[in-house]
Amino acid sequence: MTATPTHTPAARAPKVNLLGLEKTAYKGADSTLCNGCGHDSVSARIINAAWEMGLKQQNVVKFSGIGCSSKTPAYFLGMSHGFNAVHGRMPSVATGALVVNRTLTGIGVSGDGDTASIGIGQFKHLVRRNVRMVYIVENNGVYGLTKGQFSATADKGQTLKYAGTNPYMPLDIC
């Protein structure tokens, strides 16, 4: 009787991108957002896209303003640059940085309040100037950080526990 050799499969090498990096290299800090928050899924999609593109993190600058959405840049591309601007002023900061240094890849993350309320004046000029960046608006129709207030993008008839029913038409920022 001969012994049957046992075959142990070799450990699978981690999948890497064009730069030889694993996807985990594109992560940032652990999220401190509420469980089930949709903002974390946005961060996950940014990580996937940056990894698939082979984006060099040292050439990326992340911009944000104020609010729950503006915490998310800490959760992706941990080796990139970042700037957290005053409420509503992220578009102006991004415009300045990206016009002066055209080698940078800009990613802006803002909320509906930061973009469509206090920041609408800044936002419209960023769009008008066609600043070369990805600008993500995490739009949930409510000021999540301060809780229970409608944003300018809230649907007419939307109801919140403490704010009642929104009587206004939403501002369409798309």
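Overview of values
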item: Value of relative contact order over the chain, rounded to a whole percent, pairs C-alpha under 8 Å and six or more apart; result: 16 percent
item: Length gained when the stretch His87-Ala49 is fully extended (0.36 nm per residue, less Cα-Cα span); result: 11.0 nm
item: Label selected from (i) 164; (ii) 93; (iii) 126, the criterion being volume of the Cα convex hull per residue in Å³ as computed here; result: (i)
item: Segment 33-123 shape via C-alpha gyration tensor axes, a/c threshold 1.5; result: oblate
item: Cα gyration tensor, segment 123-168 - rounded (a/c under 1.5), prolate or oblate; result: prolate
item: For the chain, built as a Gaussian network whose Cα springs stay under 10 Å, the top-fluctuating residue of Gly157, Gly78, Gly28; result: Gly157
item: Beta bridges per DSSP with both ends in segment 67-174, % antiparallel, nearest 5; result: 35 percent
item: Cα shape, segment 77-166, gyration tensor, a/c 1.5 rule; result: prolate
item: Entries in Lys15/Lys56; Lys27/Lys56; Lys27/Lys62; Lys62/Lys156; Lys15/Lys71 that, when Cα-Cα distance is taken, lie over 24 Å; result: Lys62/Lys156; Lys15/Lys71
item: Local electrostatic count, Asn166, Cβ distance below 10 Å [Lys/Arg +1, Asp/Glu -1]; result: 0
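Every read-out reported here was derived from the displayed coordinates using simple, explicitly stated rules and does not represent laboratory data. Note that the coordinates shown come from a computational prediction; the quantities given were computed from them, not determined experimentally. Here Cβ is always computed from backbone atoms with ideal geometry, including for glycine, and neighbour counts include all displayed protein chains.
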